[in-house]
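Report on one structure; see the data block that follows.
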Amino acid sequence: MLAIATIPLPVGGFTGCICSVLYRGREYRLATYRGAKIEKWSPSGAVIRQGQYRLEVELLNERRQALRAPVEGRMERTIHESLCAEVRYRFWHGDHLLFQHTDSSASFEYSSAD
């Protein structure tokens, strides 16, 4: 599970993430509050890094639906959601690929920060 979002604050704001990777019975939690950095975030995927760990998420195929979303109480933003997407996940520790998995039934949603 990976979620990236822009968090508005009265003064400024920030883009943060939280991610949970379950691998060989162990949970790896990558999150802004733990020092994770978002290296890429786009309609085609994301890359986040925390220390020596890096998660790459790549959208391979999708059937997306545009959904309206609120901005200051008005439905002026668009979110692109696909409930049945093909997504490739790669999880690295340094230069060592811990695992690669492609899921043909993943969900994927992207919304620009504006």
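The values are calculated or read from the model by the stated rules, or taken from the named source; none is laboratory data. As the structure is a prediction and not an experimental result, all values here were calculated from the model. So basically every Cβ, Gly included, is an ideal-geometry build from the backbone, and we count neighbours across all protein chains shown.
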## Note on the structure
Output for Cβ contacts, cut-off 9 Å, separation at least six or different chains, first residue more than 30 Å from Arg90 (Cα to Cα) and without any contact (Cβ under 8 Å) to a residue 60 or more places away in the chain in the range 57-75, second loosely packed, with under 12 Cβ neighbours inside 10 Å and of a type in the set (Lys, Arg), reads Met75/Arg68
### Query
Before we move on, is Ala46 in contact (Cβ under 8 Å) with a residue 24 or more places away in the chain and among the aliphatic types (A, V, I, L, M)?
yes
#### Entry: Qualifying residues in the range 98-114 (those that are modelled with pLDDT under 85 and of a type in the set (D, E, K, R)) - the one surrounded by the fewest Cβ atoms within 10 Å (Cβ to Cβ)
Asp114
#### Entry: Filtered residue count, the range 68-114, keeping only those that are in contact with a Ser or Thr (Cβ under 7 Å, 6 or more places away or on another chain), aliphatic (A, V, I, L, M) and over 30 Å from Arg24 (Cα atoms)
3
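Provide a single number: the residues in the range 39-97 that are of a type in the set (A, V, I, L, M) and buried (at least 16 other Cβ atoms within 10 Å of the Cβ). Walk me through how you get there before you give the answer.
Taking the range 39-97 as the starting set, the residues that turn out to be of a type in the set (A, V, I, L, M) are 46-48, 55, 57, 59-60, 66-67, 69, 71, 75, 79, 83, 85, 87, 97.
Subset that is buried (at least 16 other Cβ atoms within 10 Å of the Cβ): 46-48, 55, 57, 59, 85, 87.
Qualifying residue count for the region: 8.
Restrict the check to the range 9-30 and report whether at least one residue is touching a helix residue (DSSP H, G or I) at 6+ places or on another chain (Cβ under 9 Å), aromatic (Phe, Trp, Tyr) and in contact (Cβ under 8 Å) with a residue 12 or more places away in the chain. Talk me through it step by step, then tell me what you get.
Filtering the range 9-30 for residues touching a helix residue (DSSP H, G or I) at 6+ places or on another chain (Cβ under 9 Å) gives 14-18.
Going one step further and asking which of them are aromatic (Phe, Trp, Tyr), we end up with 14.
With in contact (Cβ under 8 Å) with a residue 12 or more places away in the chain added as a condition, the list becomes 14.
Yes - at least one qualifying residue is present in the range 9-30.
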### Message
I need the full set of residues from the range 2-41 which are modelled with pLDDT under 90 and polar (S, T, N, Q), in order please.
### Response
Thr6, Thr15
